[in-house]
Amino acid sequence: MQRPALARRLLRGAAAALLSAGLLQTTLPAFSGERGPEAGRFEFYVLSLSWSPSYCAVEGIDANRRQCEGPRPYAFIVHGLWPQYEHGYPEFCPGPGPDRVPDRLVDAYLDIMPSPGLIGHQWRKHGSCSGLSQADYLALARAARERIVVPEEFSRLDEPQMISPRILEERFIAANEGLSLDGIAVTCGRRYLREVRICLTRDLQFRACPQVDRNACRLDRTLMPPIRGE
């Protein structure tokens with residue numbers, strides 16, 4: 001019964017020995033999200049595009065009435081622009097700027113991220129690790145969204161559609177020159193298609209991201225609810 005504790009002590013001792021010998025770096029990222037690392041130290045971005053009708057179907061309209069019940073129907077929206085390591089990612093990085101995003105900035109980005117709460121959360125969790133100011137991070141998120149061509153068929157969706165995640169990836173690839181299968185991943189949950197995640201360099205060029213690709217949806221088909229009001 002004491003073996004797990006003994007193993008942990010041995011691992012800590014081995015790590016300490018490696019550190020003292022200069023063979024292990026203290027800045028290695030955690031796989032599930034390294035909290036509080038130095039801002040600006042990462043390899044690439046993931047642009048996450050959420051299929052808004054799936055979010056509203058799963059979470060309910062009370063989760064975000066602006067997005068799910070407002071006058072404007074939403075298709076793919078920006079969930080976030082996430083700094084990434086090759087393995088894992090930083091989150092909630094300390095910095096000199098404020099945590100709260102001012103209303104003037106929030107209002108300027110509600111067309112692509114239709115929730116003040118979402119904008120604030122994305123800044124605190126992910127944007128704080130970009131090494132950018134709030135204004136520059138949100139401007140980069142818009143530039144990343146404008147970099148992506150969403151296939152025309154998904155700008156309108158009148159009826160529910162069952163679609164293979166692989167087919168959805170291939171349609172995004174066909175619409176975006178330079179994007180490849182190892183640089184895009186579709187996620188799903190409770191049979192709904194949830195997000196398209198696209199990997200971008202720090203200057204917003206397409207790139208491969210094996211770890212992100214490995215976490216893609218494994219269902220044969222997923223449900224895309226129609227865009228509200230259509």
- Query: Fewest to most neighbouring Cβ within 10 Å: what's the order for V186, V106?
  - Reply: V106, V186
- Note on the structure: Quick calc: nm separation of the 7 Å Cα→Cβ label points for R124 and R221 -> 4.1 nm
- Per-residue [θ]222 nm for the chain (sum of -39500 (n - 2.57) over DSSP H runs n ≥ 4, rounded to 500): -10000 deg cm²/dmol
- Message: On C-alpha positions alone, give me the angle between the axis of helix 165-175 and the longest principal axis of the chain, in degrees, nearest 10.
- Response: 80 degrees
- Note on the structure: Going from the fewest other Cβ atoms within 10 Å to the most, one would list E153, E170 as E153, E170
- Query: How far, in nm, would the chain grow between A174 and D62 when pulled straight, counting 0.36 nm per residue and subtracting the alpha carbon separation?
  - Reply: 36.7 nm
- Query: Say each of E43 and R190 gets a label point 7 Å from the Cα, pointing the same way as Cα to Cβ; how far apart are those two points in nm?
  - Reply: 3.4 nm
- Note on the structure: Measuring from the longest principal axis of the C-alpha atoms of the chain, the long axis of helix 134-147 (C-alpha) lies at a number of degrees, nearest 10, equal to 60 degrees
- So for the pair E146, I163, with labels modelled 7 Å out along Cα→Cβ, what separation do we get in nm? 2.4 nm
- Task: Order by neighbour count: L110, L179, fewest other Cβ atoms within 10 Å first, most last.
- Result: L110, L179
- Task: Rounded to the nearest 10 degrees, what's the angle between the helix 116-125 long axis and the longest principal axis of the chain, both from Cα atoms, 0 to 90?
- Result: 20 degrees
- Amide H contacts of Y192 (H built 1.01 Å from N, under 5 Å, at least 5 apart or other chain): L223
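Since every read-out is calculated from the coordinates, none of them should be taken as a lab result. A quick note: this is a predicted structure, and the numbers were derived from the prediction, not measured. Virtual Cβ from ideal backbone geometry, glycine too; neighbours counted across all protein chains shown.
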